[in-house]
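**Q** Structure incoming, see below.
Please treat every number below as a calculation from the coordinates, not as lab data. The structure displayed is predicted, hence computed values, not measured ones. Glycine also receives a Cβ, built like all others from the backbone with ideal geometry; neighbour counts cover every protein chain displayed.
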Amino acid sequence: MDIVISDERFRKAAAEGMDAFLALITDAYLDALGGELTAGNMSRLNGWQHVLMSYRYFQQEVMEGGFCQLIQNGLGPYIFDNPFAKVMREVGLHDFSKMLYKAKRVYDENKQELTRERTDDEFMAMYEHFPQFDDLEDWFIENEEDITAHIAHYVDEHLDDFLHDRSRKKGE
């Protein structure tokens, strides 16, 4: 899916900081998809666009409520069953990738329990039942700013990959 964002909007977002820069792009994806990413429209994004959406969802959920919230909100498969961790390693975020693989191990070993429907009280109890996530969440929170800066820089250096669908052959 090709995304068009004006130079003026890019300049304004860049002046506001790395979070605004990344949000401008991922908001444009969501706008083009009708407001949300669904199983029905997922194929409209290219691989790099999915990587950036994965980071957006990961960052929002973990910063707000940790891995338990991310998983309970249905994002476990999107983050852990896709090559997100591998791509983070390939773009130079080796420690972040290692942390993602550790979280994936916990997710895979406990998937049935982590993904079952819960009451609000049962959800809150998840944090006590899955202390394996505590150190991983703490590590991410401590390093989030540097990770986000690295991703923003990478996106800026490879903007065409994040804005244009290169999977189609020329002339299509």
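**Q** To one decimal place, what Kirkwood hydrodynamic radius in Å is obtained for region 47-100 from all pairs of distinct Cα atoms?
**A** That comes to 11.1 Å for region 47-100.
**Q** Pairs of alpha-carbon atoms within less than 8 angstrom and 6+ residues apart define the contacts here; what relative contact order does the chain have, in percent?
**A** So the answer I get is 31 percent.
**Q** Can you order the peptides 117-127, 23-33 by their average number of other Cβ atoms within 10 Å per residue, highest first? Intermediate results must be reported in sequence, preceding the final value.
**A** Values: 117-127: 11.6, 23-33: 16.7.
Peptide ranking by packing, descending: 23-33, 117-127.
**Q** Run the numbers for VAL4 and ASP19: contour at 0.36 nm per residue of separation, minus the present Cα-Cα distance, in nm.
**A** Difference between extended and current length: 3.5 nm.
**Q** Another question about this same structure. If we count every other residue with Cβ under 12 angstrom of ALA32's Cβ, Lys/Arg +1 and Asp/Glu -1, where does the sum land?
**A** -4
**Q** Mind giving me the FRET efficiency for ALA39 and ASP95? R0 is 45 Å, r the Cβ-Cβ distance, nearest 0.05 is fine.
**A** Taking R0 as 45 Å, the efficiency between ALA39 and ASP95 is 0.90.
**Q** I want to check a number: in the chain, how many lysine pairs have alpha carbons closer than 25 Å, given a sequence separation of 8 or more or different chains?
**A** Taking the chain as the scope, the lysine pair count is 6.
**Q** Filter the chain for me: DSSP H helices, axial length by Cα at least 18 angstrom, mean Kyte-Doolittle hydropathy not below 0.5. List them by residue number.
**A** Span-like helices, by this rule, are 18-32.
**Q** Computed over the Cα atoms of region 71-112, what is the ratio Rg over Rh, Rh following Kirkwood?
**A** Result: Rg/Rh = 0.99.
**Q** Kindly provide the pair-distance distribution of region 71-147 built from C-alpha pairs, with 10 Å bins from 0 and whole-percent values in order of increasing distance.
**A** 17, 49, 29, 5
**Q** Mind checking the full-extension length gain between GLU144 and GLN112? Use 0.36 nm per residue of separation minus the Cα-Cα distance, one decimal, nm.
**A** 8.7 nm
**Q** Looking at the chain, I'd like the Rg to Rh ratio, where Rg is from alpha-carbon atoms and Rh is Kirkwood's inverse mean 1/r.
**A** Details: Rg = 16.8 Å, Rh = 17.1 Å.
On the Cα set of the chain, Rg over Rh gives 0.98.
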